[in-house]
Amino acid sequence: MSKSHPEATSGPSAPVGQIETELGVPIPGIILPPEQWARTALKKLPSEGPLDFEALFGRRAPLVLDIGCGNGRFVLASALARPELNHLGIDILPVVIRYATRRANQRGLHYVRFAVCGGKEFLERYVPPHSVAEIHVYHPQPYSDMQKKERRLVTPAFLALVHRSLVPDGLLVLQTDNPAYWRYMAAVVPRMFEFHPHHGPWPDAPQGRTRREIMARRMGLRIFRAWARPRQDLDEAQLRHLVAEMPPPLFDATPPPRRKKRR
């Protein structure tokens, strides 16, 4: 989730049949004629859950959930590459959801939905147990201001909710460019998941799966990536014990100073 607004470098929407770009990188898909557009916005979530995903998408299919989806770049690419899956992106910032919705609508992605909601709240309130095939978390805000550390997304309680939400062989994908956040995730995630660091860009998106990744790569920042699957030897009581036992994310997220180039 990036604080920067995801304005496309091409300005307004490109003409029908053309490809938009952002930061010089093509946005997945092409704009279709208006009669082929979809409606992907969940304008108002119910006050109580859980959601009926089959009714929401109009079909039964594995669900991919992108938490902190930003302007939707990953959701667009994944939905275009894997149309047999349902995709849902959420973010706390309405402005980025507006961009994501517009782009998905114009690409006719009928099995995509976007909503404004926080990640922990969404999992806790709206997701039935063992109902999600994949959960993706790209570049969650590290909040370098320690007074805002309680806003950090990846916590023991959040990970327990992810564990509960995923199907038994489900997939969790994590990515950050903040070294302290990575060290924390690498320390706590293996307590609940089989944790596998991934070295190098994801094969499907060598220039970056998200806007933030593209920006971080251009700034010369190191990208930390991992995928994980729920440990099957943990029951609900053990997960609750781990939540109480594991440390909260109290790390100092201040990025290290950049090295000055020698003349």
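Any read-out appearing in this document is the output of simple, stated calculations on the displayed coordinates, not a laboratory observation. This one's a predicted model, so the numbers in the text were calculated from it and none came from an experiment. Here the Cβ is made from the backbone with ideal geometry for all residues, glycine too, and neighbour counts use every protein chain on show.
So, with +1 on the Cβ of K and R and -1 on the Cβ of D and E, and no other charges, what is the size of the charge dipole of segment 53-100 about its Cα centre, to the nearest 20 debye?
The dipole of segment 53-100 has a size of about 100 debye.
Give a residue-ordered list of calculated ³J(HN,Hα) values for segment 193-203 (Karplus: 6.51 cos²θ - 1.76 cosθ + 1.60, θ = phi - 60°; whole Hz; x for Gly, Pro).
Listing the rounded values in order: 9, 7, 9, 9, x, 10, 9, x, x, 5, x Hz.
Taking amide H atoms as placed 1.01 Å from N in the peptide plane, list the residues 5 or more away in sequence, or in a different chain, whose amide H sits under 5 Å from that of Arg113.
Here His87, Leu88, Gly89 satisfy the definition.
Can you find, among Leu174, Phe195, Val25, the residue farthest towards the positive end of the dipole of the chain? Put +1 on the C-beta of Lys and Arg, -1 on that of Asp and Glu.
Going by the charge dipole, the pick is Val25.
In a GNM of the chain with a 10 Å cut-off on Cα contacts, which of Glu22, Glu48, Glu236 has the highest mean-square fluctuation?
Among Glu22, Glu48, Glu236, the largest mean-square fluctuation in the Gaussian network model of the chain belongs to Glu48.
Read phi for every residue in segment 89-102 and hand back ³J(HN,Hα) as whole Hz from Karplus 6.51 cos²θ - 1.76 cosθ + 1.60, θ = phi - 60°, with x for Gly and Pro.
Values per residue, Gly and Pro as x: x, 10, 7, 7, 9, x, 5, 6, 5, 4, 5, 4, 5, 4 Hz.
Mind running the shape call on segment 156-263? Use the C-alpha gyration tensor, a ≥ b ≥ c as the square roots of the eigenvalues: rounded below 1.5 for a/c, prolate if a/b tops b/c, oblate otherwise.
oblate
Place a +1 charge on the Cβ of each Lys and Arg in the chain and a -1 charge on the Cβ of each Asp and Glu, then give the dipole magnitude about the Cα centre in debye, rounded to the nearest 20.
Dipole about the Cα centre, nearest 20: 1340 debye.
Starting at the first residue of segment 164-176, write each ³J(HN,Hα) from the Karplus equation 6.51 cos²θ - 1.76 cosθ + 1.60 with θ = phi - 60°, in whole Hz, x for Gly and Pro.
5, 6, 6, 5, x, 9, x, 10, 10, 10, 10, 7, 8
Please work out how many pairs of lysine residues in the chain are eight or more positions apart (or on different chains) and have Cα atoms closer than 20 angstrom.
Number of lysine pairs found: 7.
Quick one: which residues, 5+ away or cross-chain, put their amide H under 5 Å from the amide H of Leu51? H built at 1.01 Å from N.
Residues meeting the criterion, in which the H sits 1.01 Å from N, are Val127.
Want the number for Arg151 to His199: 0.36 nm per residue separation, take away the alpha-carbon distance, what's left?
Full-extension gain reported as 14.5 nm.
Amide H of Glu194: which non-local residues (sequence gap of 5 or more, or other chain) have their own amide H closer than 5 Å, using H built in the peptide plane?
Arg229, Arg231
Scan [x] 8, 34, 40, 16, 2, 0; [y] 7, 30, 36, 21, 5, 1, 0; [z] 7, 28, 36, 24, 5, 0 for the value of P(r) over Cα pairs in 10 Å bins from 0, in percent calculated from this model and give just the label.
Answer label, from the structure shown: [y].
With a/c under 1.5 counting as rounded, go ahead and sort segment 131-219 into rounded, prolate or oblate using the C-alpha gyration tensor (a ≥ b ≥ c being the square roots of the eigenvalues; past the cut-off, prolate if a/b is larger than b/c, else oblate).
Oblate, because a/c is 1.5 or more while a/b does not exceed b/c.
Where a ≥ b ≥ c are the square roots of the eigenvalues of the C-alpha gyration tensor, would you call segment 169-230 rounded, which needs a/c under 1.5, or, failing that, prolate if a/b is larger than b/c, or oblate?
Because a/c hits 1.5 or more and a/b fails to exceed b/c, segment 169-230 counts as oblate.
Just need log10 I(q)/I(0) for segment 92-240 at q = 0.10, 0.12, 0.13 Å⁻¹, Debye formula, equal scatterers on the alpha-carbon atoms, no solvent, rounded to two decimals.
-0.38, -0.56, -0.66
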